[in-house]
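The values are calculated or read from the model by the stated rules, or taken from the named source; none is laboratory data. Everything numeric in this text was worked out from a predicted model, so none of it was measured. Cβ coordinates were reconstructed from backbone atoms using ideal geometry, including for glycine residues, and neighbour counts include every protein chain displayed. In case anyone asks, the SASA skips ligands and DNA or RNA and just uses the protein heavy atoms, side chains included. Shrake-Rupley method; radii C 1.70, N 1.55, O 1.52, S 1.80 Å.
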Amino acid sequence: CGKHKVLAKTPTSRTISTSDTFAFNERFQSKMRQFRIPMASLDDTDKKGRVEEDRSFAIDAATVRIMKSRKVLPHVQLVQEVLQQLHFFRPNPKAIKRRIEQLIEREYLERDAQDQRLYR
């Protein structure tokens, strides 16, 4: 299941279950003196869903941090500052808007009574 076949797995399939057995591959050879062997995972967690969930938490945290320091901001400026803070994964502006709406529903943010484009 990888670049180096150090272990022989029975039955031979791409997935790992608790009933699978592993043995040292006697025919294994490598020119490299050292190499890394990554750990196999039995978790069938949805990695894409987990990443999206982690990113939504990061967007929420950045938004709340910005609003705590600025107190009142228009929507466009808030989105720009969130994008600037979250430079490590570049969130979609639509996702930021969705997370802002969620924060309003959970009462972490509120819209200004006179100008709906402002957040408090």
Here are the criteria: (1) part of a helix (DSSP H, G or I); (2) out of contact with any Asp or Glu (no Cβ under 9 Å at 6 or more places or on another chain). Tell me which single one S19 does not satisfy. (1)
So Q116 fits all but one of (1) more than 24 Å from the chain's Cα centre (by Cα); (2) under 16 Å from A61 (Cα atoms); what number is the exception? (2)
Conditions (1) open to solvent by 80 Å² or more (accessible area, probe 1.4 Å); (2) of a type in the set (D, E); (3) not in a loop (DSSP other than H, G, I, E, B); number of the one not met by E26: (3)
Failed item, numbered, when Q102 is tested on (1) over 20 Å from the mean Cα position of the chain (by Cα); (2) part of a helix (DSSP H, G or I): (1)
Write out, first by first residue and then by second, each pair whose Cβ atoms fall under 8 Å of each other, whose residues are 6+ apart or on separate chains, and whose first residue, in segment 57-83, is in a loop (DSSP other than H, G, I, E, B) while the second is open to solvent by less than 80 Å² (accessible area, probe 1.4 Å). V72/D112; V72/L118; V72/Y119
Taking R65, is it at pLDDT 95 or above, basic (K, R) and open to solvent by less than 70 Å² (accessible area, probe 1.4 Å)? no
